[in-house]
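Here the structure is laid out as structure tokens; the discussion comes afterwards.
The values are calculated or read from the model by the stated rules, or taken from the named source; none is laboratory data. Note that the structure is a prediction, hence the values are computed from the model and not measured. Cβ placement follows ideal geometry from the backbone for every residue including glycine, while neighbour counts extend to all protein chains displayed. These area figures cover heavy atoms from the full protein model, side chains too; ligands, DNA and RNA do not enter into them. Shrake-Rupley method; radii C 1.70, N 1.55, O 1.52, S 1.80 Å.
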Amino acid sequence: MERKDFETWLDNISVTFLSLTDLQKNETLDHLISLSGAVQLRHLSNNLETLLKRDFLKLLPLELSFYLLKWLDPQTLLTCCLVSKQWNKVISACTEVWQTACKNLGWQIDDSVQDALHWKKVYLKAILRMKQLEDHEAFETSSLIGHSARVYALYYKDGLLCTGSDDLSAKLWDVSTGQCIYGIQTHTCAAVKFDEQKLVTGSFDNTVACWEWSSGARTQHFRGHTGAVFSVDYNDELDILVSGSADFTVKVWALSAGTCLNTLTGHTEWVTKVVLQKCKVRSLLHSPGDYILLSADKYEIKIWPIGREINCKCLKTLSVSEDRSICLQPRLHFDGKYIVCSSALGLYQWDFASYDILRVIKTPEVANLALLGFGDVFALLFDNRYLYIMDLRTESLISRWPLPEYRKSKRGSSFLAGEASWLNGLDGHNDTGLVFATSMPDHSIHLVLWKEHG
């Protein structure tokens, strides 16, 4: 058939074909296929794949592709990345998808970083770390050996761990290397806190002392308590030191002069914890930037305003039971916005602006968990056998790590949490260093540390 005649015939057939019903069109195609040979069938097969299997990620505008991808879970997206180079390129470029995936894992997100490939890599790193936590493979252990008597006091800051012992010494350790940087002669230590220049110790001899690291000299000696001093805190800006004692009092001292400025009364049990912290919220009783002192005993947490004016009165007393039937654990978290303490009933979180209880977190699967650290995303808890990580968004325990038979202390100072920034969300860099430290019956210090990423 001549080309011109063929085109005329094809036009007539096309008009007729378009006028048919769907069923008639299907019958016509079936008949034509039955008349076709191998060449025609191969041609049909090649063109049908192009017509029917359309690559929507390649054909759609990028914005629409990103919108569709947001409906898929991260594991499915990772599988889709294996389909083709084009799919991998488009999926990896969807910043919002990977940022959201990281947030859902409890990771901190810096929205200023818009490199999409960066966030996919962060997610892959995050999923690995979370799997290590679930499989109890995220940590490793180490020990510090050097004291010759029981270690009662521990304090951690910026990679350095201070230990105070009944051997009348305090030591400063580099956690990463296990090396002792300083070792000075002191009194028996029940509590310690330090900075680069000095060490402050609370003692079973009822006194508080300030020591110079470089020389080991005692620069101040604070006398006045009539019971052991279980907790100390200080602020150089205010030139104030506070101490909590078994004599049921909290004392406020001039840090540089060594004189007692005030004695705060009202506790009816040993004061096992004092915390000096800036307030970050406004209420009828305080403003952001005000310094606040918290003191805790077996049943109550007392809140005191403190600053350059020293004559302060208790603002509020918090407890979990009016009849004192429920004891508080000797651990206290205060970040200027929230107060958190553990008890036999669970974790209690108070809003510092209103003093109302925001929530009580109970762990029916594990009773009597003690608090070590509390953040926006995670909490670090422990009991006699395990160290636990709780996801505060679901209030579920997501990981645990076995602990040895450590030295028990009712005051809670012979064990502590290490780095705390990861509790507000992992970011791929803050899951390093010390997680937990406790003193052992053989006078060593048992360390739990983050294991390096695999």
Fill in the blank from the handout: FRET efficiency for K131 and K89 from the Cβ-Cβ distance with R0 = 30 Å, rounded to 0.05, comes out at 0.70
Fill in the blank from the handout: Any residue on another chain or 5+ positions along whose placed amide H is under 5 Å from the amide H of S343 is listed here as Q329, Y348
Practice task
Give me the accessible area per residue for segment 56-135, probe 1.4 Å, as a whole number in Å².
Solution key: 59
Practice task
Return the lysines within reach of K451: Cα separation strictly under 21 angstrom, same-chain partners fewer than 8 residues apart disregarded; answer none if there are no such residues.
Solution key: K121, K125, K131, K157
Handout entry: Cβ-based net charge around L423, under 15 Å, with every Lys or Arg adding one and every Asp or Glu removing one
Key = -3
Problem - Cα long-axis angle, helix 22-35 against the chain (0 to 90 degrees, to the nearest 10) - result: 70
Completion exercise
For segment 56-135, the percent of accessible surface on carbon and sulfur atoms (probe 1.4 angstrom, ligands and nucleic acids excluded) is 61
Handout entry: Solvent-accessible surface ranking, highest first, for K103, K280 at 1.4 angstrom
Key = K280, K103
Handout entry: Helical mean residue ellipticity (222 nm; -39500 (n - 2.57) per DSSP H run of 4+; nearest 500) of the chain
Key = -7000 deg cm²/dmol
Exercise for the section: Enter the accessible area of W401 (Å², nearest 10), with the probe set to 1.4 Å and all protein chains included. Expected result: 40
Fill in the blank from the handout: Toy charge model, Lys and Arg Cβ at +1, Asp and Glu Cβ at -1: segment 56-135 dipole around Cα centroid in debye, rounded to 20, equals 280
Exercise for the section: Rank these by accessible area, largest first, 1.4 Å probe: K4, K157, K121. Expected result: K4, K121, K157
Problem - Alpha-carbon centroid distance for the pair segment 322-349 / segment 33-55, whole angstrom - result: 73
Completion exercise
Once all protein chains are kept in place, F230 shows an accessible area at probe 1.4 Å, nearest 10 Å², of 10
Problem - Convex hull per residue volume in Å³, alpha carbons only, for segment 56-135 - result: 89
Handout entry: Charge tally in the Cβ shell below 13 Å around H187, where Lys, Arg are +1 and Asp, Glu are -1, H187 excluded
Key = -1
Exercise for the section: May I ask you to derive the relative contact order of segment 139-450, considering only C-alpha pairs under 8 Å and at least 6 residues apart, and to give it as an integer percent? Expected result: 13
Fill in the blank from the handout: Neighbours of T50 by Cβ distance under 14 Å: Lys/Arg at +1, Asp/Glu at -1, summed charge +2
Handout entry: segment 128-237, Cα convex hull volume normalised per residue, Å³
Key = 138
Handout entry: the chain - charge dipole about Cα centre, Lys and Arg +1 at Cβ, Asp and Glu -1, debye rounded to 20
Key = 720
Practice task
Any chance you could list the semi-axes, whole Å, largest first, of the equivalent ellipsoid that the Cα gyration tensor gives for segment 282-387, using √(5λ)?
Solution key: 26, 15, 12
Fill in the blank from the handout: Largest-first ranking of V360, V320 by accessible area, probe 1.4 Å, whole protein assembly kept, is V360, V320
Completion exercise
segment 56-135: relative contact order from alpha carbon pairs under 8 Å, six or more residues apart, as a whole percent, is 25
